[in-house]
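This report refers to the structure that appears directly beneath it.
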Amino acid sequence: MDDRTTETTTPAFPDGLPLVRPRIPDREAVLRRIDAVLRSGQLTDGPTVRELEAQAAEMLGVREVVAVASCTTGLLLVCQALGMTGRVVVPSFTFSATAHVVAWNGGTPVFADVDRATLTIDAADVERRLDGATGILATHLYGTPCDTEALEKVANRAGLPLVFDAAHALGSRKSGVPVGRFGAAEVFSMSPTKVAVAGEGGLVATDDTDLAQRLRVARNYGNPGDYDCVVPGLNGRMSELHAALAVEALVALDEDVRHRNTLAAAFHDALAGVPGISVPAVSDGDTSTFKDLAIIVEPDAYGLDADALAAALSAEGIDSRRYYHPPVHRQAAYADAAATELPVTEWAARRTLCVPLWSTMDEPTVRLVADVVRRSARPST
Ligand SMILES: *Cc1c(COP(=O)(O)O)cnc(C)c1O
């Protein structure tokens, strides 16, 4: 295996290394639950959903969890319920859904820049862009918690609701406190590329019981029970079949997040000293889920840019993604915002590349990926 000539002809991962592999929960337990659902005849928004909501609320330490069909649906309904229907400040360095939910509520996303170290939204830049805003929607990028304290201060000073797109952050902690407890509400995703998966699904966490109640009505078309709809709602319910998967997916979550942190640490350690390669920071005392394992490629020092490194990885069978390129304000759907000045976002979008990480991966695998990154460097010396 140390034969250099073999190495150049045989890829490091001949069968390919995919970017993500969903952790499928205990099969027997899921099948038992699905069987019970089928026998009961209640296929949506029933006792399994109630059980999931109670279990997630306890795990997160919040008063209420409202299960929904997806994180996108949850964010749509939260923005509607909180009146975030005009200008809403969002990051551009995020998945497109963060901005889409603002647009679907008839509003306009106002893009703010991100912090150069953590790549999460920059609270000071948010404050500069609040003119006429109806709220702030921030993303815990790659599962790394935002500066929640700074954002809460900015939101409180302006008297605006603060909501978190926590799609990546089920299992993350800010100074030991579970993500889910910050702002007016936080919305998680359980879709297949996330850390805990339900097939499709979302969870809204909040301490505001009135908001939770309104979301329960809104996810059911806005119908409070008498068909006299109080808001134009959606079918945003989670099915019992998805809840059966979701309940079992939460069982391994803490252990998986710990393991992902071990893998990320090994990966970072193995990359130390590679010229032009760095990684986004997680603040001291915080825990990221590492929903994505990102590296930052400085083309001048590394000798390749992010695209060229992606090609080098691909030649070794390793999948990768340029999360997030193009950043949302550069996407065709938001052409009106293309000229927004977001220097750190542009810098990060050109340089970040996400490499494979999943909860059942082993340490030699991440070390081998790091080794390929190290070997692919072409420093000019
Ligand atoms: C995946 C994702 C979403 C959407 O989640 P769904 O459950 O698929 O609707 C929203 N925001 C971010 C940042 C995401 O990565």
Check your understanding: So, of the residues in segment 315-363 that are touching a Phe, Trp or Tyr at 6+ places or on another chain (Cβ under 6 Å) and of a type in the set (S, T, N, Q), which turns out to be most open to solvent (accessible area, probe 1.4 Å)?
Key -> Thr340
**Study point:** Filter pass, Ala167 being touching a Ser or Thr at 6+ places or on another chain (Cβ under 8 Å), within 16 Å of the ligand (Cβ to nearest atom) and either within 18 Å of Asp292 (Cα to Cα) or not in a helix (DSSP H, G or I) (or both)
**Key:** yes
Point to revise | Selected residue (only one of Ala335, Ala348 is under 25 Å from Thr118 (Cα atoms), assigned to a helix (DSSP H, G or I) and out of contact with any Pro (no Cβ under 6 Å at 6 or more places or on another chain)) | key: Ala348
Practice item. State which residue pairs qualify: first residue near the ligand (Cβ under 7 Å from one of its atoms) and inside segment 186-211, second residue of a type in the set (D, E, K, R) in any location, beta carbons under 7 Å apart, and separation of 6 or more residues or different chains. Key: Ser191/Glu200; Lys194/Lys291
Check your understanding: of a type outside the set (Ser, Thr, Tyr) and part of a loop (DSSP other than H, G, I, E, B) - does that describe any residue in segment 361-374?
Key -> yes
Review point. Does Val282 satisfy being of a type in the set (A, V, I, L, M, F, W, C), open to solvent by less than 40 Å² (accessible area, probe 1.4 Å) and touching a residue at least 40 places away in the same chain (Cβ under 8 Å)?
Key: no
Review point. Counting only residues that are under 23 Å from Arg129 (Cβ atoms), open to solvent by less than 10 Å² (accessible area, probe 1.4 Å) and aliphatic (A, V, I, L, M), how many does segment 170-193 have?
Key: 2
Revision key, fill the gap. Over segment 1-31, the set of residues loosely packed, with under 10 Cβ neighbours inside 10 Å and modelled with pLDDT of 95 or more is Pro14, Asp15, Arg27, Glu28
Point to revise | From the options Ala133, Ala150, Ala57, Ala138, residue that is within 26 Å of Gly199 (Cβ to Cβ) and either open to solvent by less than 40 Å² (accessible area, probe 1.4 Å) or not aliphatic (A, V, I, L, M) (or both) | key: Ala57
**Study point:** Some residue of segment 39-57 being within 30 Å of Ser376 (Cβ to Cβ) and acidic (Asp, Glu)
**Key:** no
Practice item. Considering only segment 30-141, give the helices (runs of 4 or more DSSP H) lying wholly within it that have at least 1 residues that are in contact with a strand residue (DSSP E or B) (Cβ under 7 Å, 6 or more places away or on another chain) and within 15 Å of the ligand (Cβ to nearest atom). Key: 47-60, 71-81, 97-104
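Restricting to segment 251-296, name every residue that is small (Gly, Ala, Ser), under 22 Å from Pro379 (Cβ atoms) and not in a helix (DSSP H, G or I).
Ala272, Gly273, Gly276, Ser278, Ala294
The values are calculated or read from the model by the stated rules, or taken from the named source; none is laboratory data. In this text the structure is predicted, and so the values were computed from the model without any measurement. When we count neighbours, we look across all protein chains shown, and the Cβ atoms used for this are built from the backbone with ideal geometry, even at glycine. When the accessible area is computed, the model is the full protein with side chains, heavy atoms only, and any ligands, DNA or RNA have been set aside. Shrake-Rupley method; radii C 1.70, N 1.55, O 1.52, S 1.80 Å.
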